[in-house]
Structures are given as structure tokens and as C-alpha cells.
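Down below is the structure, laid out as C-alpha cells.
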Amino acid sequence: MKPWAIVIAFGPMLALGAVADAQSPCAPTRPDMEGPFYKANAPVRQATGKGLVVSGAVKASASCQPLKGARIEWWQANPGGEYDDAHRGTLMTQDGGAYRFETDPPPPYGGRPSHIHFKAFAPGYRPLTTQLYLKGGEREVTFDLVLAKE
């Protein structure tokens with residue numbers, strides 16, 4: 001006999017979740033803070049520097065299917081540790097939900113690790129704001145973004 005739901009306790013709050021065998025095959029990407037440097041309408045471009053290639057796919061959490069035509073925005077600190085318009089960009093995903101851009105490797109700054117901020121949007125899905133944290137020294141990174149239905 002399978003239970004119809006599991007209960008997860010979070011302090012004084014409770015959340016109901018579906019049984020394990022009914023859960024999504026792709027867990028949604030964990031949201032992260034937007035930070036104070038986001039500006040809407042970043043320019044459409046394939047590069048914001050050189051040295052680090054970031055690629056991946058935008059997928060639906062319920063099916064793991066790629067989402068063609070999703071919009072991705074990214075922003076990051078420049079090599080000097082400051083945010084500027086030259087390190088902001090927007091892309092639309094292609095066949096297979098794929099995206100790819102090249103950028104300068106972002107440095108750690110102000111006690112924060114090296115990171116790139118992302119926003120992902122697709123019709124019928126909740127917008128996602130998250131961050132990609134880098135270890136340092138990477139030349140290529142794959143970072144899939146998994147969106148949940150609205």
C-alpha cells in the first residue's frame with residue numbers, strides 16, 4: 001500500500017508533498033537571491049567577455065522536456081569585481097532548450113564566491129532567479145535551468 005502524500009515539517013509549518021514515485025523526474029532549479037544589480041532588458045548577445053563558456057538547457061520540471069524559446073538573462077561582476085552593463089546579456093533557447101554564451105570568469109568579491117546571476121522565463125512556467133557558483137579556473141561549465149509550471 002502506497003501513501004498518497006508525505007508530510008514534511010518546517011518548524012511550525014507543514015508542507016504536503018506527493019509520494020516519491022509521483023514526483024517529477026527533474027527537480028526544479030533552486031532559486032537564489034537576485035541581488036541589487038539586476039537590470040531588466042539586458043541586450044541580446046552571445047558573449048560578455050572571454051575565457052568562460054556557460055551552456056546548458058532550460059527544461060520543464062514535470063517532464064524534463066526542453067523548453068525552446070525560453071528567455072535567459074545573466075549578469076555578473078566584471079574582472080575588477082564591479083557590476084557593469086558590459087557583463088549583462090539575454091539569450092533565447094534554441095532547439096533542445098539549449099543556450100550558450102561566453103563571458104569573463106567572474107571574480108570573488110566582498111566575501112562572496114565567484115558567481116553568475118540568472119533569470120529564466122518561459123510561457124506557462126514560474127520565472128526563476130538563481131545563481132551559478134564557480135569553483136575557479138573553469139573554462140567551460142554546464143548549467144541546466146529546470147522550471148516549474150505556474
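Every number here is computed from the coordinates shown, using simple stated rules; none is lab data. As the structure is a computational prediction, the values presented were derived from the model and not from experiment. Note: ideal-geometry Cβ built from the backbone for every residue, glycine included; neighbour counts use all protein chains shown.
Panel order for 26, 64, by other beta carbons found within 10 Å of each beta carbon, from fewest to most: 64, 26. Taking the DSSP bridge list for segment 24-147 and keeping only pairs wholly inside it, about 75 percent are antiparallel. With the highest mean first, a sort of the peptides 114-126, 66-78, 84-96, 134-146 on other beta-carbon atoms found within 10 angstrom per residue produces 66-78, 114-126, 84-96, 134-146. Ignoring lysines fewer than eight residues from residue 59 along the same chain, the ones with Cα atoms less than 16 angstrom from its Cα are 68, 119, 149.
Pop a pseudo-label 7 angstrom from the Cα along the beta-carbon direction at both residue 140 and residue 62 and give the gap in nm to one decimal. Reported label-point gap for residue 140 and residue 62 is 3.4 nm. Computed log10 I(q)/I(0) for segment 24-147 at 0.14, 0.17, 0.22 Å⁻¹: -0.55, -0.81, -1.34, from the Debye equation with unit scatterers placed on every C-alpha and solvent omitted.
Would you tally the net charge around residue 29, using a Cβ to Cβ cut-off of less than 12 Å, leaving residue 29 out, and scoring K and R as +1, D and E as -1? Here the count lands on +2.
Local charge for residue 94 was computed over the other residues whose Cβ lies under 9 Å away, with Lys and Arg +1 and Asp and Glu -1, and equals +1. Given +1 at the Cβ of Lys and Arg, -1 at the Cβ of Asp and Glu and no other charges, the dipole of segment 24-147 around its Cα centre is 260 debye to the nearest 20. Taking Lys and Arg as +1 and Asp and Glu as -1, the other residues whose beta-carbon sits under 13 Å from that of residue 49 total 0.
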